[in-house]
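Below: one structure, written as structure tokens.
The numbers here are math on the coordinates, done by the rules we state, and not lab data. These numbers were taken from a predicted model, which means no experiment stands behind them. Because the Cβ atoms are built from the backbone with ideal geometry, glycine has one as well, and the counts that use them run over all protein chains shown.
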Amino acid sequence: MVPWDNNNWPNNVWIGTTVENQKWADFRLPILLNLNAKVRFLSCEPLLGEIDITSYNAASDTNKIDWIIAGGESGPHSRPMNPNWVRSLRDQCINEEIAFHFKQWGHWSPHSLLTSTQKKTITIEDTEMTATGKKASGRTLDGRIWDELPSSA
């Protein structure tokens, strides 16, 4: 077996962590950014709260977040994702030049994306959300599919 140097990851290894809200971002991001990997990424799925990542990329010239995957929760007891949380994360990615991938709305989707009336609806801030199931909710965010990958991909 080849000896392992844990701070010298092979170029084909991407390292990521799940951060579902700011509490877990503040706990896990410093650990992730301390690793010398070619690509560092966040899986913000399920996104359960607003996340501010701007201070983390500003803290280093080399160890930065390269990719963020975001999505809502799915399943029968899932919680709806506030559309403004995922929009904020997308906008931070644009400003910080981080690749952004919106995976799914999850079980709940903005009512404006629907073509038929569904039974279970709630309002989050300024958006009416409807329980549609993962397949029906789709992955369009503000009229676009976000499938970005890190530039090193």
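Details
- MRE, 222 nm, helices only [DSSP H, n ≥ 4, -39500 (n - 2.57), over the chain, to nearest 500]: -6500 deg cm²/dmol
- Computed from Cα positions, the angle between helix 83-96 and the longest principal axis of the chain comes to roughly 30 degrees.
- Reciprocal of mean inverse Cα separation for the chain (Kirkwood radius, Å): 16.4
- Among beta bridges identified by DSSP and lying wholly in region 14-145, the antiparallel ones come to about 40 percent.
- Each Lys or Arg adds one and each Asp or Glu takes one away; over the other residues whose Cβ falls under 15 Å from the Cβ of Glu20, this sums to -1.
- The long axis of helix 22-33 is offset from the longest Cα principal axis of the chain by roughly 30 degrees.
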